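Enquirer: One structure coming up, written as structure tokens, with questions to follow.
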Amino acid sequence: MDKYNAKNISILKLFCTFVLNMEQLSFFNVSGQTPGLPKDVLEYLPGFISSELADSLLSGFISTVPWKQKTIKMYNKEVITPRLSAWYGDPLSLDYSSIGKSIPLLWTTELLDLKHVVEAVAGINFNSVLLNYYRDGQDSVAWHSDNERVMGSHPVIASVSFGQVRGFDIRKKTDHRERYTVRLEHGSLLLMKGNLQSMWDHRIAKSNRPMGPRVNLTFRKIIGSSAQTLNG
């Protein structure tokens, strides 16, 4: 991935430009979400990564990441996930076997650069990132919440999206009629925080419409123990 990284402006320089123009951005633009999005659990930042750089990163992730299709347990059944995934992180920071997880892949230069930029906005130091590759509209992730104890009771998760715009749906666990959708645009950042994981479920639904590829990165901080599986 270093081959194409050298051809782009540095991500840190890009972030400096982003900070200088933050007042011009509409953090909760109407075109990207349904009205009334609960701001205490979600913050949406469109245009977080420039279109040119986002194009390059998308192409690089698709072609160089060692993608795998995982099998997870849902409702007491083994299910093949309808998407490809890869997990990167700090391999020496935790005893991963004790928390029921495999050792993550080593950070790449591009992922570390993105991590530093995202941390400056999120106000938290992340030690892992889950990458999901949605090849077309049939790839998806079912309703779930990232409520693992390994991330604490009110985790902050930073989601960076590249490629095809997909709807990110959330619904209240106690009342499924209360739901909202954020259109995750190319180069956008979505911060999940507060009681989102304890009070809400989220998903990326399947679609029968023709859709291009999408890669999503969710930066996380692993702090405790659990035997559940990352979905993202």
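The values are calculated or read from the model by the stated rules, or taken from the named source; none is laboratory data. Remember, predicted model here, so these are calculated numbers, not experimental data. Positions of Cβ are backbone-derived with ideal geometry, glycine not excepted, and every protein chain shown enters the neighbour counts. Remember, those area values only see protein heavy atoms, side chains included, never the ligands or the DNA or RNA. Shrake-Rupley method; radii C 1.70, N 1.55, O 1.52, S 1.80 Å.
Enquirer: State yes or no: is residue 59 at pLDDT below 95, of a type outside the set (Phe, Trp, Tyr) and either assigned to a helix (DSSP H, G or I) or open to solvent by 40 Å² or more (accessible area, probe 1.4 Å) (or both)?
Expert: no
Enquirer: Within the stretch 202-220, which residues are part of a loop (DSSP other than H, G, I, E, B) and in contact with a strand residue (DSSP E or B) (Cβ under 7 Å, 6 or more places away or on another chain)?
Expert: Residues satisfying the conditions are 205, 212, 213.
Enquirer: Looking at the stretch 173-193, which of its residues are part of a loop (DSSP other than H, G, I, E, B) and either of a type in the set (Phe, Trp, Tyr) or open to solvent by 30 Å² or more (accessible area, probe 1.4 Å) (or both)?
Expert: 173, 174, 185, 186, 193
Enquirer: Just checking, how many residues over the stretch 153-172 are over 10 Å from residue 185 (Cα atoms), polar (S, T, N, Q) and open to solvent by 10 Å² or more (accessible area, probe 1.4 Å)?
Expert: The number of residues fulfilling the criteria is 1.
Enquirer: Taking the stretch 62-104, which residues are at pLDDT 90 or above and aromatic (Phe, Trp, Tyr)?
Expert: 67, 87, 88
Enquirer: Going by the conditions given, is residue 129 of a type in the set (A, V, I, L, M, F, W, C), in a helix (DSSP H, G or I) and open to solvent by less than 70 Å² (accessible area, probe 1.4 Å)?
Expert: no
Enquirer: I'm trying to understand the selection: among the residues of the stretch 120-156, which are under 13 Å from the mean Cα position of the chain (by Cα), modelled with pLDDT under 95 and among the β-branched types (Val, Ile, Thr)?
Expert: Result: 141, 156.
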